[in-house]
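Here the structure is laid out as structure tokens; the discussion comes afterwards.
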Amino acid sequence: MTWYYVVGGQSVGPVSEVELDALAQNGTIRPETLVWRDGMAAWEPYSSIKAPAAPVAPVAGGLRVASPAADPAPGAVGADVAACSQCGTVLPRTDLVLIGNNLVCATCKPAYVQKLREGVPVDGLGAVEYGGFWIRFGAAFLDGIIMNVVNMMLGFAFGMSMGRMMSRSADASVGLTVLSIAIPLAYDIIMVGTWGATLGKMACKLRIVTADGAKIGYGRATARYFSKILSALVCFIGFIIAAFDDQKRALHDRICNTRVIKIG
């Protein structure tokens, strides 16, 4: 079980339950600190999740009794404040809007609504499941098959027409080279810019989004396509690093600040 907690208005985590308890013991997490884990409807104070043991104090006769609970610290989180389920910022509840089961701040609301439209998980921080190396490899393999079939079909048709119109085979060769470059480029940019996924990724139920889960545009799709060239350099190491990244980011994802997530 992993947890997230709020410090200075920002969410931190994930941490294990043992680490959470250790942070509470050393004072990093206080009773009023907001915490959250997958399955919780909203952020709650740590004290409401794990009530600290009441301290004991010596009294006359050597007996020890529980000390009365201390008064809440000034500024402690109460019922009138809560944290945004997306960014973790602590705000008055009047500054948050309840959408479904989640409280969302004004800053996160546009991206949150876009997530709903795109089918991205919105149950709170940590709910997004990223596409791993092998499923992304499978999607790329399917796209490769599709591109090979399309290139063969168009290449054959283009070659036939060029053969009738031109006497020099070099002209046809140049045309085929241009097609072999233009078709994958147009396929990737149009598909990703419009739907957030190529046919291969759709088949694998993957989608490319920005860091906050919003749809990427044509500009970012174009930059991401050409950034793949860098990922392919030096034995495709830019693709391989996705297997070891906590958010499964390849080099081109890091360059363009994108994520590949599972949607089903």
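The values are calculated or read from the model by the stated rules, or taken from the named source; none is laboratory data. Owing to the predicted nature of the structure, the values given are computational and were not obtained by experimental measurement. For neighbour counting, all protein chains shown are included, and Cβ atoms are generated from backbone atoms with ideal geometry for every residue, glycine included.
Computed values, structure above
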{"read-out": "Subset of segment 95-128 that is more than 19 Å from TRP195 (Cβ to Cβ) and among the charged types (D, E, K, R) - its residue that is modelled with the lowest pLDDT", "value": "ASP123"}
{"read-out": "Residue match in segment 231-251 (condition: part of a strand (DSSP E or B), of a type in the set (Lys, Arg) and closer than 15 Å to TYR130 by Cβ)", "value": "no"}
{"read-out": "Condition check for ALA76: small (Gly, Ala, Ser), at pLDDT below 60, under 37 Å from the mean Cα position of the chain (by Cα) and not assigned by TED's automatic domain parsing to the domain that holds ASP212", "value": "yes"}
{"read-out": "Of residues in segment 27-43 being under 23 Å from the mean Cα position of the chain (by Cα) and either of a type in the set (Asp, Glu) or not in a loop (DSSP other than H, G, I, E, B) (or both), the one surrounded by the fewest Cβ atoms within 10 Å (Cβ to Cβ)", "value": "ASP38"}
{"read-out": "So ARG249, is it in the same structural domain as LYS201 (by TED's automatic domain parsing) and at pLDDT 95 or above", "value": "no"}
{"read-out": "Single residue of LYS262, LYS248, LYS215, LYS201 found to be in contact with a Leu (Cβ under 8 Å, 6 or more places away or on another chain) and touching a residue at least 40 places away in the same chain (Cβ under 8 Å)", "value": "LYS262"}
{"read-out": "Candidate set: segment 212-228, residues that are charged (D, E, K, R) and not in a helix (DSSP H, G or I); chosen: the one surrounded by the most Cβ atoms within 10 Å (Cβ to Cβ)", "value": "LYS215"}
